[in-house]
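Take a look at the structure set out below.
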Amino acid sequence: CSISMNIHEIRDGFGTIKKVIQARDPIRTASILHPHSLHNFQILDSCCLARSILRFYLDKVFRHCETGSLYINRKISGIANSFLSIEKKFRVCQDENMCNCGEEAINKYHQIIRNYEQMDVTLAAMKALGELDILLNWLEAY
Amino acid sequence: PSPRNVHFVSRNLKNVLHWLPPEGIPEDKLIYSVKYLVYGTTRWIQDAECRNISQTWCDLSRGTSDHKELYHARVKAFLNGSCSSWTESPRFNPLTDTKIDPPAFALSSAEKSISVIVAAPKTWSRNSRNEPNYLHEIYPILQYNVSVYNTKKKTQEAVTILLGYILPVLLTVLIILVSCCCVYRYIHITKQKYPTNLVRVLYYPCSIDKCERGNLLPSEK
Amino acid sequence: GVLLPAPRNITILSTNMKHFLVWSPVMVPGAAVKYSVEFQGEYERDYANDSWIPIGECTGISVTQCDITEDISATVPYDLRVRAGVGTQASHWATLSSFFNRVTTSLIPPMLTVTADGYHLLVELERLGPAFEFWIYYWKKGQGHKVYRKVVKDSSTTLHMDTMEAGTEYCVKAQTYVEAINRSSNFSQVQCVRAEAGKAILVT
């Protein structure tokens, strides 16, 4: 399942709001995506994990990231719509049975959900958004 | 007061923490202590080389050498036995936040060709034998832009500009100046007498010494 | 009072990934009409309760156009709406007749300047922004079957394509490619040059 994702366009958008978003995440000692484990993830299952994480951001994260700044809201909208555009391509792979989920991908995804649900929803959403560069680094290697 | 503006400055993955001293405190008596944390873990780590230091920077490359992780650092100031609260840095992502130096390169020319040998910048090295790593081992899609500058063409352009624009302009200005000088000399310097048949007509009452100006008209003879 | 009429003829002009929303002015004698623009992507429709996002630079403007390039930053269908306002009075929102997807932008063949500097075949390109790649094709005249291609992302400097054989005519054409929408423009005009020692003749 090879997909063109145009990561640098998303990275540019995120780059303009990264400092502000990460500054709103006071918890240093907890991570939702946890970089190390994402990077050491097995290549085989990465299609399923990538799609699941994209859906996680669409379903749970972006909607709780409303800020008082119109500029930041517009940038978040751009990122969210880019995620949707990529997720739709993954959906096609899934429909053609090229994006099946192994046990490891499922476990990893559930770990991410547990990390997320241990925190207050707005704090967790802002932390997940602040960890976008971790996800983009990993998707870029996908 | 606490240290200010704590932030990482990274080049080729050599990650150095910088900060500003607390406001309004004489710097020479201050000493600092630095800790760093791998984002998402719970332990703040003390860097041995960054303890009780007086400078306002410290090299954390060794502690932050896993470039896939993210980091925070914090600094505390000590003065005469009392200490400030910690000041933390923004989150630091080595892969995206490091600045890449230009590559080293060498030129060699053959009869009809030039060879450009390019080497990726070296990164900070973890091992003591200082065996360098290279950036392309970390960034698989490292790309290079090579530009060629034709100095001969530039001198030709300079000559063209000189002959084509500068000299003609100078000549024209010179000619204008010389002709103005001649006209001026003709009018003012050679004491020319007015023809005798012209009479000065004064058209407003005034005393002689104030009426230097007026029209010269032929007299009614 | 009588409600202000909504703007009409709302359309999008999109060329080379630059997108502008334009509409007809609302005429109110003796009043300064102001307009406001909002956008909505597919995400907002499917996941965010059909919410709309105002465009700061196009809120309370008097011109009848708005640069929406920065907000159309994904390849999904977008909806846009405009309303008119005079003082506290505002018209209904008027929306696009159909969604806009940037994949429909019209890509213009790139402007190209081909020169020969001695034996060197050089090409200068216009700057179109980071979204664009340039695919440059060149061949020896008469050998159309053997075409070389160079892909260039940074068009800010003159590009050296090849070292030419003396007396041989080389022809060049180019097209743009936008990865974000996976589309290319048509080809530019073909330009041919010939290199002779120290001199260059442009033959088109």
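Numbers below:
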| quantity | calculated |
| --- | --- |
| Residue-averaged beta-carbon neighbours from other chains (10 angstrom radius) around C:74-82 | 4 |
| Listed pairs B:99/C:150; B:112/C:141; B:112/C:150; A:18/B:122; B:122/C:173; A:89/A:127 exceeding 32 Å between Cα atoms | B:122/C:173 |
| Sequence of A:127, C:173, C:146 from largest to smallest accessible area, 1.4 Å probe | C:146, C:173, A:127 |
| Unit charges at the beta carbon, dipole of the protein assembly as shown: most positive-side option, C:177, A:54, B:71 | C:177 |
| Check: the protein assembly as shown dipole with +1 on Lys, Arg Cβ and -1 on Asp, Glu Cβ, in debye | 1660 debye |
| Shielding by partners - mean other protein chain Cβ count within 10 Å, residues of B:64-70 | 4 |
| Neighbouring partner chain Cβ atoms per residue of B:85-98, average, 10 Å criterion | 3 |
| By average C-beta atoms within 10 angstrom, highest first, the peptides B:70-81, A:16-27 | B:70-81, A:16-27 |
| Summed side-chain charge close to residue B:35 - residues other than residue B:35 whose Cβ falls under 12 Å, Lys, Arg +1, Asp, Glu -1 | +3 |
| Among C:88-99, A:56-67, C:67-78, the order from most to least packed when residues are scored by Cβ within 10 Å on average | C:67-78, A:56-67, C:88-99 |
| Rg and Dmax [Cα atoms of the protein assembly as shown; Å; Rg one decimal, Dmax integer] | 35.1, 128 |
| Accessible area in square angstrom per residue, the protein assembly as shown, 1.4 angstrom probe | 57 Å² |
| Apportionment of accessible area to carbon and sulfur, the protein assembly as shown, percent (1.4 Å) | 55 percent |
| Interchain or long-range residues, amide H under 5 Å from residue C:78's placed H | C:100, C:101 |
| Area accessible to solvent at residue C:10, 1.4 Å probe radius, in Å² | 20 Å² |
| Interface burial for A against B (accessible surface, 1.4 Å probe, total of both chains, Å², rounded to 100) | 1600 Å² |
| Global geometry of chain C, whether rounded, prolate or oblate, following the gyration tensor of its Cα atoms and the 1.5 cut on a/c | prolate |
| Rg/Rh ratio calculated on Cα atoms of chain A (Kirkwood radius) | 0.94 |
| Extension gain (nm, one decimal) between residue C:157 and residue C:46, 0.36 nm per residue minus Cα-Cα | 35.6 nm |
| Cα centroid separation - segment B:1-37 against segment A:96-142, whole Å | 34 Å |
| Accessible area that becomes buried as C packs against A, both chains, 1.4 Å probe, Å², nearest 100 | 1800 Å² |
| Student exercise, segment B:31-111 dipole from Lys, Arg, Asp, Glu Cβ charges, in Debye to nearest 20 | 500 debye |
| Lys, Arg +1 and Asp, Glu -1 on Cβ, resulting dipole of segment C:83-179 about Cα centre, debye, nearest 20 | 360 debye |
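The values are calculated or read from the model by the stated rules, or taken from the named source; none is laboratory data. Just so it is clear, the model here is predicted, and its values are computed rather than measured. Reconstructed Cβ throughout: ideal geometry from the backbone, glycine too, with neighbour counts over all protein chains shown. To get the accessible areas, we keep the full protein, side chains included, count just its heavy atoms, and leave off ligands, DNA and RNA. Shrake-Rupley method; radii C 1.70, N 1.55, O 1.52, S 1.80 Å.
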